[in-house]
Amino acid sequence: RIRSIIRGVGSYLPAKILTNQDLAKIVDTSDEWIQQRVGIKERHIAAEGEFTSDLAVAAARQALDNAGLEIADIDLIIVATTTPDFTFPSAATLVQMKLGMHHGFAFDIQAVCSGFVYAVTTADSYIKNNLARRVLVIGAETFSRLLDWTDRTTCVLFGDGAGAVVLERADLAEGEPDRGVLASALRSDGRHWDKLYVDGGPSTTGTTGHVHMQGPEVFRHAVGKITDVVYATLEQTGFTVADLDWFVPHQANRRIIDGAGAKLGLPPEKVVVTVDRHANTSAASVPLALSAAVADGRIKTGDLVMLEAMGGGFTWGASLIRW
Ligand code: ACO
């Protein structure tokens, strides 16, 4: 059996922290409103001249260190991002260059907040199909650059950051317990495109554009779609919600996380939450939460971990990993 195991994890957050109190000086909002509605206290914001590929490189270096590997050991880089440095080339090829990797291949995945789960699933497929042995999977965003800082309904929700994992091929012997990526499920439904989108792009306006969101509509769809795809992932394996050690959801919003956890019947202590400190970092949110829970010793070898995300498109997906 070929399996993709997690060999290392890493993360990076820009130094600058923007608190709710800071935001209240820019738009008509309050710490109380933001904490009550979405559970966010602060977020990190990339410095001028600090680009998505820089955040990705910092997270990747930490993941390589954590894995005890060098860039020479990697043969594929996948970057999940909605905020690449340039329209092209991909952020992944810039990361490849900055890490000094001149072999293998690199590409981006665009599934907004679901990007990291899409990227893990893609990397797993490449490994299982002999196209790669070790894959650097990165979620990196400078989402602050897509925000209209006069729109209080969106600018309070997002932040910048990056997280990374090294996925490695393992050939499990007969009788050896299963581990690594056990199952995944991906979904999308483009009919919902305008519920959460950026009103710019190279083929439409020629500008970068800003985030627009029908917040209550997104909320209405989120919990049901998340729980459906979690069950679709579990069903492939025979495991149930009760078998999960950790639930690492996309960190959009505390109420969505709590709603999904409650609908699944998960005890809150099994749910990893970083949205209070990071806000919604889109494709970076799941690997940032994962890194936090690995670094503080919560996620340990042998644990059964469910990753889940949902975002613009809509896109959504889940991945079940035996650590
Ligand atoms: N501060 C103060 N007041 C605000 C703010 C703010 N930052 N933003 C909106 N309001 C006001 C509105 O203007 C409105 O005022 P009005 O009644 O005078 O018109 C009032 O608060 C209520 O607005 P609603 O949009 O109805 O508020 P709601 O309770 O639905 O909460 C929210 C809005 C938090 C965005 C909610 O809809 C939500 O959580 N949606 C999910 C969105 C999300 O998480 N998106 C992340 C990306 S999607 C993903 O990754 C899954």
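None of the figures in this text is laboratory data; all of them are computed from the coordinates on show. All values reported here derive from a predicted model rather than from experimental measurement. Reconstructed Cβ throughout: ideal geometry from the backbone, glycine too, with neighbour counts over all protein chains shown.
Taken over region 115-199, the alpha-carbon convex hull comes to 140 cubic angstrom per residue. Model label points for residue 245 and residue 28, set 7 angstrom from Cα along the Cα-to-Cβ axis, are 5.0 nm apart.
Go ahead and run the numbers for FRET between residue 199 and residue 178, Cβ-Cβ distance against an R0 of 45 Å, rounding to 0.05. Taking R0 as 45 Å, the efficiency between residue 199 and residue 178 is 0.50. Sorted fewest first by neighbouring Cβ atoms within 10 angstrom, 141, 235 come out as 235, 141. For residue 133, nonlocal amide neighbours, meaning residues 5 or more places apart or on other chains whose placed amide H falls under 5 Å from its own, are 75. The phi torsions of region 282-289, fed into the Karplus equation with coefficients 6.51, -1.76 and 1.60 and a -60° offset, translate into couplings of 6, 4, 8, 5, 5, x, 5, 5 Hz, rounded to whole numbers, with Gly and Pro shown as x.
In order along region 207-219, phi translates into HN-Hα couplings of 10, 6, x, 10, 6, 10, 8, 8, x, x, 5, 4, 4 Hz, rounded to whole numbers, per the Karplus curve 6.51 cos²θ - 1.76 cosθ + 1.60 with θ = phi - 60° and x for Gly and Pro.
Need the full-extension length gain, residue 189 to residue 171, defined as separation in residues times 0.36 nm minus the C-alpha distance. One decimal, nm. Mind dumping the intermediate values first?
Values: separation 18, 0.36 × 18 = 6.48 nm, distance 3.52 nm.
So the chain would gain 3.0 nm between residue 189 and residue 171.
Residues whose amide H lies under 5 Å from that of residue 299, counting only those 5 or more places away or on a different chain, are 294; hydrogens are built 1.01 Å from N in the peptide plane.
Kirkwood Rh, region 192-323, all Cα pairs: how many Å? This gives a value of 15.6 Å. Considering helices alone, the calculated mean residue ellipticity of the chain at 222 nm is -9500 deg cm²/dmol, with DSSP H runs of length four and up weighted by -39500 (n - 2.57) and normalised per residue.
Over the chain, calculate the relative contact order: mean separation of alpha carbon pairs under 8 Å at least 6 apart, over the residue count, as a percent. Computed value for the chain: 26 percent relative contact order. Put simply, the Cα atoms of the chain extend 61, 46, 38 Å along their principal axes, the longest span coming first.
Here's the list of aspartates and glutamates a cross-link from residue 263 could span, going by alpha-carbon distance under 15 Å and ignoring same-chain residues fewer than 8 apart: 228, 308. Calculated from the alpha-carbon coordinates, region 1-142 shows an Rg and a Dmax of 17.2, 56 Å respectively.
Note on residue 298 and residue 219: their simple-model spin labels are 2.4 nm apart, each label 7 Å out from Cα toward Cβ.
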